[in-house]
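Participant: Structure incoming, see below.
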Amino acid sequence: MEKKLQVANIGMKFGMCHVEGALSCEDAEIAIICDSNEENLRFAGERYNIPEEKWVTDYMDIVNNKDIDVVTVAIPDQQHKKVSCDLLRAGKHVLCEKPLALTREDIEEIVKVAEASNAKFMVGQICRFTPAFEKAKELIDSGVLGELYFVESEYAHDYMLIQEPWRCDPLRHGVIGGGCHAVDLLRWLAGDPEEVFAYGTHRLLPHVTYDDATVAVMKFNENLMGKVFVSTGCKRDYTMRTVIYGTKGTLICDNTSPTMTLFTVDEKQVTKEPETIEIEVNNHNAVKEFEVFADAILNEKQVLTDAREGAKTVAVCLAIVESAKTGEKVKPNYEF
């Protein structure tokens, strides 16, 4: 039997899904869990029956441990650059939560270090593993919707009761910290937008200084446009409702519903009765995510959400934030 990947998981408050991902992978085993908060560490260790000798509070114990192969990083976004770069320089394969980082300088540094490393790096753009969105990608690629001409997605999530200081950091604008999900989804489905224009308002979250609602219009090319709506103060259930419009059909889906609706046309281009497609609800499919990453490591495959891909998503988010502040159209900078 071949040696299993030795996995370390950093961040036990938001990273327990990654513990579950590693536990579910037959090619991996957990060697260390890490959190600077001992209460979080104990909760996770006891929940998953991980012995106390595998608990550490300092991530440098992982950096300096030559036996560790893979590390998942689920810590405040402001810390992604330093921790990920330290791990990459130590030769560890890294799966880092989204967003890649919050500033242009940090995403450029991570791309530079990741591409200089012999290790693999993956950004946790989890929407690409959500069953409804995987099905949407499949339908687009099959041609059943025809040529896309408009795509839209939203990130609606009420942060009123989520008031940790790191989430309230002005650098962690709602578009970058959470809305990056919707931005990355549209990039995956439709490509890189050439230009964005955005408006923002601040009406619902008094504990933050950034806009708590933003709408961005995107130009992908002359024949394809898009829209992202981000609301981190909305009074409704969490959703990422997404609609994809093509010349032959329309798809309505989200990440929290057990069905999606597909409209297509007959040979006379008349819209047929809508088709309801049943779909698994799994809006944080960390098991599939880790499985794909482990496969890339073990079988020398390309990581599709690598550092450069994660940086492109942040670049679009930064362009949206800039546009909302200046009132000008902004072209995302994809040069890293």
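The values are calculated or read from the model by the stated rules, or taken from the named source; none is laboratory data. Note that the coordinates shown come from a computational prediction; the quantities given were computed from them, not determined experimentally. Cβ: placed from backbone, ideal geometry, glycine included. Neighbour counts: every protein chain shown. Calculation scope for accessible area: heavy atoms of the full protein, side chains included, ligands and nucleic acids excluded. Shrake-Rupley method; radii C 1.70, N 1.55, O 1.52, S 1.80 Å.
Participant: Sort 93-105, 253-265, 139-151, 167-179 by the packing proxy (mean of other Cβ within 10 Å over each peptide's residues), most packed first.
Facilitator: In decreasing order of mean packing, 93-105, 253-265, 139-151, 167-179 become 93-105, 167-179, 253-265, 139-151.
Participant: Send over a whole-number figure in Å² for the accessible area per residue of region 110-154, probe 1.4 Å.
Facilitator: For region 110-154, the per-residue accessible area is 37 Å².
Participant: Would you list which lysines come within 19 Å of K98, measuring only between C-alpha atoms, while excluding same-chain residues fewer than 8 positions from it?
Facilitator: List returned: K13, K81, K82, K112, K120, K288, K312.
Participant: Please give the per residue accessible area of region 227-282, computed with a probe of 1.4 Å over protein heavy atoms only, in Å².
Facilitator: Accessible surface, normalised per residue, equals 56 Å².
Participant: Any aspartates and glutamates with Cα under 19 Å of the K329 Cα? List them, leaving off those in the same chain fewer than 8 positions away.
Facilitator: The reachable aspartates and glutamates, counting only those whose Cα sits under 19 Å from K329, are E152, D192, E194, E195, D211, E222.
Participant: Given charges of +1 on the Cβ of Lys and Arg and -1 on the Cβ of Asp and Glu, with all other atoms neutral, how large is the dipole of the chain about its Cα centre, in debye to the nearest 20?
Facilitator: Dipole of the chain, to the nearest 20 debye: 680 debye.
Participant: Can you give the Rg and Dmax of region 1-145 based on its C-alpha atoms, in angstrom?
Facilitator: 16.3, 54
Participant: Related question: Antiparallel as a % of all DSSP beta bridges within region 150-231, to the nearest 5?
Facilitator: Of those bridges, close to 70 percent are antiparallel.
Participant: Give me the distance between the Cα centres of region 4-74 and region 118-173, rounded to whole Å.
Facilitator: When both Cα centres are located, 25 Å separates them.
Participant: Hey, quick one: spin label on T259, modelled 7 Å out along Cα-Cβ, who in region 120-136 has an amide N within reach, i.e. under 11 Å?
Facilitator: Taking a point 7 Å out along Cα→Cβ of T259, no residue of region 120-136 has its backbone N under 11 Å.
Participant: If one computes P(r) from the Cα atoms of the chain, what percent of pairs lie at distances over 35 Å?
Facilitator: 23 percent
Participant: On to the next question. Quickly work out the T103-to-N333 label distance, labels modelled 7 Å from Cα along the C-beta direction, and quote it in nm with one decimal.
Facilitator: Spacing of the two 7 Å Cα→Cβ label points: 1.3 nm.
Participant: Excluding residues fewer than 8 places away in the same chain, name every one of the lysines whose C-alpha is closer than 29 Å to that of K272.
Facilitator: Here the lysines satisfying the reach criterion relative to K272 are K135, K137, K227, K248.
Participant: Residue separation times 0.36 nm, minus the C-alpha to C-alpha distance between D237 and T271: what's the value?
Facilitator: 9.1 nm
Participant: What does the helix-only formula give at 222 nm for the chain: each DSSP H stretch with n ≥ 4 adding -39500 (n - 2.57), the total divided by the residues, and the result rounded to the nearest 500 deg cm²/dmol?
Facilitator: -9500 deg cm²/dmol
Participant: Ratio of alpha-carbon Rg to the 2.2 N^0.38 Å globular estimate for region 62-206, to two decimals, please.
Facilitator: 1.20
Participant: With the calculation restricted to Cα positions, what are the radius of gyration and Dmax of region 133-267 in angstrom?
Facilitator: 15.9, 56
Participant: Run through the DSSP bridge list for the chain and note the antiparallel percent, rounded to the nearest 5.
Facilitator: 55 percent
Participant: Turning to a different aspect of this structure: Report the full-extension gain for the segment E147 to D27: residue separation times 0.36 nm, less the Cα-Cα distance, to one decimal in nm.
Facilitator: So the chain would gain 39.2 nm between E147 and D27.
Participant: Please report the relative contact order for region 63-160, taking Cα pairs under 8 Å with a sequence separation of at least 6, and give it as a percent rounded to a whole number.
Facilitator: 23 percent
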